[in-house]
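Inspection log for the structure reproduced underneath, given as structure tokens.
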Amino acid sequence: MRTFRDLDALADHFEAVALAVPDAAAALLDATGRAVVRRTRAHIGYYQPQIGPVPAWEPLAPRTLQDKRRLGYTGHRSADDPLLRTGALMRSYSYGLALMAPGNVLRGWSVRVGSPLVIALWMEIGTEKMPPRPVLSGATAEEARAFGVAAGKTFFALWTA
């Protein structure tokens with residue numbers, strides 16, 4: 001256990017930790033964004049089980065499968081390749097870090113992961129004719145525990161340095 005010779009030394013340590021937090025948080029969020037994108041891309045082409053509150057994917061409709069087979073859009077990653085045709089959706093997922101606006105209660109960095117394609121939203125929440133196949137939500141749910149562990153280790157290391 002770390003000890004401090006006096007209150008000034010403790011205050012100096014608090015200041016050093018406070019100065020290190022923004023860079024550590026940015027690095028942690030960057031790694032998390034990268035991991036969520038990697039996992040999201042990896043899910044495309046495979047049916048996904050229920051992951052926490054995120055529902056399992058329903059099988060593709062027989063008509064959809066017939067159409068995909070006729071056009072040669074199956075058998076690349078799995079037998080049915082759900083959400084996979086040309087690979088454009090898979091390649092469209094990316095992430096970015098942003099510094100939150102001054103005055104934001106969280107003050108600091110945020111990470112945004114997503115796709116600019118409207119079809120990504122349709123896949124995530126479903127439509128009138130198609131059940132949801134939440135690829136980004138599932139990947140995020142899977143990475144949430146790893147983020148918590150990494151955050152704990154990161155900030156413990158800052159505090160105990």
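Quick note: the coordinates plus some simple rules give every number you see, no bench work behind them. Nothing here was measured: the structure is a model prediction, and the numbers come from that model. As a convention, Cβ positions derive from the backbone with ideal geometry for all residues, glycine included, and neighbour counts pool all protein chains shown.
In the stretch 28-161, a dipole from Cβ-located charges (positive for Lys and Arg, negative for Asp and Glu) runs towards its positive end, and of T74, A61, A35 it is T74 whose Cα lies farthest in that direction.
When the Cα positions of L7, T154, P49 are compared along the charge dipole of the chain, P49 comes out farthest toward the positive end, with charges on each C-beta of Lys, Arg, Asp and Glu.
Full extension of the segment from A42 to M100, taken as 0.36 nm per residue of separation minus the current Cα-Cα distance, would add 17.9 nm. For the stretch 20-161, a crude dipole built from +1 on the beta carbon of Lys and Arg and -1 on the beta carbon of Asp and Glu, taken about the Cα centre, is about 340 debye to the nearest 20. Rounded to the nearest 10 degrees, the inclination of helix 135-160 to the longest alpha-carbon principal axis of the chain is 10 degrees. Extension gain, F155-R34: 0.36 nm per intervening residue step, less the Cα-Cα distance, totals 41.6 nm. A protection proxy built from the mean count of other Cβ atoms within 10 Å ranks the segments 26-39, 121-134, most packed first, as 26-39, 121-134. Label-to-label distance, K129 versus A16, with points set 7 angstrom from Cα along the beta-carbon direction: 6.4 nm.
Can you match volume of the Cα convex hull per residue in Å³ to one of these, (i) 166; (ii) 144; (iii) 134, based on a calculation from the structure here? Computing volume of the Cα convex hull per residue in Å³ and matching it to (i) 166; (ii) 144; (iii) 134 gives (ii). Nearest 0.05, what FRET efficiency do A26 and H76 give at R0 = 35 Å with Cβ-Cβ as r? Efficiency for this residue pair is about 0.45. Using Cβ point charges alone (K and R +1, D and E -1), the dipole size of the stretch 1-76 about the Cα centre works out to roughly 960 debye.
Between the stretch 139-161 and the stretch 22-36, the alpha-carbon centres lie 10 Å apart. Note on the chain: helix-only mean residue ellipticity at 222 nm, from DSSP H runs of 4+ residues weighted -39500 (n - 2.57) and normalised by residue number, equals -18000 deg cm²/dmol.
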